[in-house]
Ligand code: MN
């Protein structure tokens, strides 16, 4: 199955986790939080065909790592995937809002210039602001809102803009997350773990536990478990084909096979 947002490099033994994912046949999007983490994280994929690495600069680190933007720019041609990026409006990060905006705007501008990028976006307490930035850069690529927790109205706007979503067991535990997922188009949802940040029973979630979201989705959407698995895999294949811009036609032709 698919874990479209996890932090492989942040597990205590990343090589062992990458190996275990490979043995289980998992498709993985391994996101990074800083450009300087890129090369070590990318090295985890060597010899593994289903793991892709995303180049990121996490909003919670924007104020400390904005100096790595030139490195981001240098590395971005090596991957179709960008993340984790976004904005975080929680009180402890709101004080660095100007830096967060500066970093996100630069990253989106770079993606827009290059075209064809698939983006994994963080939008905690900042859904409206993230959607504003995406609206300002309509050719940015394919935005995937990870662990979306905005309002139902924000969600309707994101759907209208053509955004996709990655959802995990942690998000689906709460009634709010379940309500949001009920509203999401089934053909624009992927599963994720957000491990090792996301926890279950007081421990970090493993990437393969993203699969537990399938049972939740099956209950929420009232669709059989196997049909959901097929839908999610087919969504991944679609993503390989489109690389579209928001609300517009395909701007670049990408590989047709499931590529994560
Ligand atoms: Mn994350």
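Here, each number is a calculation from the coordinates, and none is a lab measurement. Note that the structure is a prediction, hence the values are computed from the model and not measured. Quick reminder, even Gly has a Cβ in these numbers, built from the backbone with ideal geometry, and neighbours come from all protein chains shown.
Computed values, structure above
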read-out: Alpha carbon centroid spacing (whole Å) that separates region 87-103 from region 167-194; value: 25 Å
read-out: Packing-based exposure ordering (other Cβ within 10 Å, fewest first) of 102, 4, 72; value: 102, 72, 4
read-out: Ranking of 82, 31 by count of other Cβ atoms within 10 Å, fewest first; value: 82, 31
read-out: Measure of compaction for the chain (Cα Rg per 2.2 N^0.38 Å); value: 0.92
read-out: Segment residue 136-residue 48, extension gain: residue separation times 0.36 nm, minus the distance between their alpha carbons; value: 28.0 nm
read-out: Sites residue 173 and residue 24 - FRET efficiency at Förster radius 30 Å, r taken between beta-carbons, to 0.05; value: 0.85
read-out: Of all DSSP beta bridges in the chain, antiparallel share, percent nearest 5; value: 10 percent
read-out: Relative packing of 49-56, 148-155, which averages over residues the other C-beta atoms within 10 Å, highest first; value: 49-56, 148-155
read-out: Order of 113, 92 under a 10 Å beta carbon neighbour criterion, fewest first; value: 92, 113
read-out: Computed over region 1-158: relative contact order in percent, which uses C-alpha pairs under 8 Å that are six or more apart; value: 18 percent
read-out: Gained length - residue 161 relative to residue 78, 0.36 nm times residue gap less alpha-carbon distance; value: 27.2 nm
read-out: Mean-position separation - Cα centroids, region 139-161 and region 12-83, in angstrom; value: 23 Å
read-out: Sites residue 197 and residue 90, calculated FRET efficiency, Cβ-Cβ separation with R0 22 Å, nearest 0.05; value: 0.95
read-out: FRET efficiency, residue 71 to residue 222 (Cβ-Cβ, R0 51 Å, nearest 0.05); value: 0.65
read-out: Gaussian network model of the chain, springs between alpha carbon atoms under 10 Å - residue of 196, 91, 14 with greatest fluctuation; value: 91
read-out: Difference of contour (0.36 nm per residue) and Cα-Cα distance, residue 234 to residue 13; value: 76.5 nm
read-out: Label-point separation, residue 101 to residue 64 (7 Å along Cα→Cβ), nm; value: 2.4 nm
